[in-house]
Amino acid sequence: MKIAVVILNWNGKYLLEEFLPSVISHSKEATIYVADNASSDGSIEFLKAHFPEINIIQNKINAGYAGGYNLALKSVPEEIHILLNSDVEVTENWLGPILEAFENEPETVAIQPKILDYKKKDHFEYAGAAGGYIDKFGYPFCRGRIFQELEEDYGQYNEDKYIFWASGACLAIRKKSFYEIGGLDEDFFAHQEEIDLCWRLLNSGYKIKYVSSSRVYHVGGATLGDINPKKTFYNFRNSLFLLLKNVESSWLFYVLFIRMLLDGIAAFKFIFEGKLNHFFAILKAHASFYRHYGKIRKKRPKEFIFRKYYLISSVVYSHFILKKNKFNEL
């Protein structure tokens, strides 16, 4: 199987300089592409001067994660695409286990490796950890990460596992399946679009897998900082988009209603913490959701293969009330 590693870049020359050498060194099986989202920091010139062997795809605009990849992947002919963040350090033989899983499991169409913290390498990293899940009200969490609680990796998640969503920081997907379900949803722009992609794959009858013997290290927050209100806006708004598009009709309005109540509690929590920018970001997120409601609702598939998509009813209750901080405690 032919495989492509596609790195999306936007004004990340310093990240390419730091992390691209590991990708080149440990990805001999793959063709490597850098898809540039109209950078203005000299990224293209830097790549041409220092990494002439890399294939460059130049998007004319900064279309975000979803739009940027949708544009770039049209130029990538390989059967397997790995969407890799520019702030990821890969390790020796990270591609082997991923290719083996694809070759042996035709029904598996998306895979993520074990994602560890580049800054604290014995701990899982926020964006994916050991595989993603979701609760009934659309809150994502991972094996190895519940909200901001990150577990130390001592081998507790070393078995391969079918999961609900694979991290967009390092997402391997079959090209055929990517286009079959319509690619990434560009209305998300950034954050949680990979969860939407995976949910649509599951609703189409496919499987998504975590492969523990493939390991990468992710910096996280390098493009849009952890405390940036824009990140709050996208996370809250896109969670509502996610539910509206993918929850079975009989559950939809109940789930949306409870989720909005929980968002309100989160908004007032930001007020008490003095984070007014984040409070207003949630208000803007809900306003944007109402504004786009009709457009997003039209994207619901006419028929669902309905599954119990959530592992537990409320990860918010389990974590904040019952004080469960580890995946294995849920």
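Would you mind listing the helices (runs of 4 or more DSSP H) fully within the stretch 10-81 where at least 2 residues are modelled with pLDDT under 95 and within 20 Å of the chain's Cα centre (by Cα)?
By residue number, 64-73.
Here is a check on your reading of the model: is Pro113 at pLDDT 95 or above and assigned to a strand (DSSP E or B)?
When the stated conditions are applied, Pro113 passes them.
Out of all the residues in the stretch 316-330, which are under 17 Å from Tyr126 (Cβ atoms) and charged (D, E, K, R)?
Residue satisfying the conditions is Lys326 alone.
Assuming Gly96 fulfils every condition listed in (1) of a type outside the set (S, T, N, Q); (2) closer than 18 Å to Ser177 by Cβ; (3) assigned to a helix (DSSP H, G or I) apart from one, which condition is it?
The single condition Gly96 does not satisfy is (2).
Is the stretch 238-246 home to any residue that is aromatic (Phe, Trp, Tyr) and modelled with pLDDT of 95 or more?
yes
Kindly indicate whether Glu194 is crowded, with 24+ Cβ neighbours inside 10 Å, acidic (Asp, Glu) and within 23 Å of Glu79 (Cβ to Cβ).
Yes: the conditions hold for Glu194.
Would you mind stating whether Leu15 is farther than 20 Å from Ile181 by Cβ, in contact (Cβ under 8 Å) with a residue 24 or more places away in the chain and of a type outside the set (Ser, Thr, Tyr)?
yes
Within the stretch 206-217, is there a residue that is of a type in the set (Ser, Thr, Tyr), assigned by TED's automatic domain parsing to the domain that holds Lys74, assigned to a loop (DSSP other than H, G, I, E, B) and over 19 Å from Gly68 (Cβ atoms)?
Within the stretch 206-217, one or more residues are of a type in the set (Ser, Thr, Tyr), assigned by TED's automatic domain parsing to the domain that holds Lys74, assigned to a loop (DSSP other than H, G, I, E, B) and over 19 Å from Gly68 (Cβ atoms).
Would a scan of the stretch 251-274 turn up a residue that is under 19 Å from Leu184 (Cβ atoms), in contact (Cβ under 8 Å) with a residue 60 or more places away in the chain and not polar (S, T, N, Q)?
Scanning the stretch 251-274 turns up no residue that is under 19 Å from Leu184 (Cβ atoms), in contact (Cβ under 8 Å) with a residue 60 or more places away in the chain and not polar (S, T, N, Q).
Among the residues of the stretch 270-280, are any part of a loop (DSSP other than H, G, I, E, B), more than 19 Å from the chain's Cα centre (by Cα) and of a type in the set (Lys, Arg)?
yes
Tally the residues that are under 24 Å from Ser204 (Cα atoms) and of a type in the set (Ser, Thr, Tyr), restricting the search to the stretch 95-154.
Of the residues in the stretch 95-154, 3 are under 24 Å from Ser204 (Cα atoms) and of a type in the set (Ser, Thr, Tyr).
If you check Gly155 against the conditions, is it assigned by TED's automatic domain parsing to the domain that holds Thr108 and over 16 Å from the mean Cα position of the chain (by Cα)?
Against the criterion (assigned by TED's automatic domain parsing to the domain that holds Thr108 and over 16 Å from the mean Cα position of the chain (by Cα)), Gly155 qualifies.
Restricting the search to the stretch 233-275, which residues are surrounded by 18 or more Cβ atoms within 10 Å (Cβ to Cβ), hydroxyl-bearing (Ser, Thr, Tyr) and farther than 20 Å from Phe141 by Cα?
Selection gives nothing.
In the stretch 174-188, which residues are closer than 21 Å to Phe304 by Cβ and more than 12 Å from the chain's Cα centre (by Cα)?
Listed by number, the residues that qualify are Ser177, Phe178, Tyr179, Glu180, Ile181, Gly182, Gly183, Asp185, Asp187.
Which of the following residues is hydroxyl-bearing (Ser, Thr, Tyr) and closer than 16 Å to Ile3 by Cβ: Ser27, Ser39?
When all the criteria are applied, what remains is Ser27.
Can you name the residue in the stretch 93-144 that is among the polar types (S, T, N, Q) and in contact (Cβ under 8 Å) with a residue 24 or more places away in the chain and, of all such residues, is surrounded by the fewest Cβ atoms within 10 Å (Cβ to Cβ)?
Across the stretch 93-144, the extreme among qualifying residues is Asn93.
Anything in the stretch 121-179 that is among the aliphatic types (A, V, I, L, M) and in a strand (DSSP E or B)? List them, or say none.
Ile134, Ile146, Leu150, Leu171, Ala172, Ile173
With the structure loaded, tell me whether Asn62 is under 11 Å from Asn9 (Cα atoms) and surrounded by fewer than 21 Cβ atoms within 10 Å (Cβ to Cβ) or whether it fails that test.
Yes.
The values are calculated or read from the model by the stated rules, or taken from the named source; none is laboratory data. Predicted model, so just to flag it, every value in this text is computed and none were measured. Positions of Cβ are backbone-derived with ideal geometry, glycine not excepted, and every protein chain shown enters the neighbour counts.
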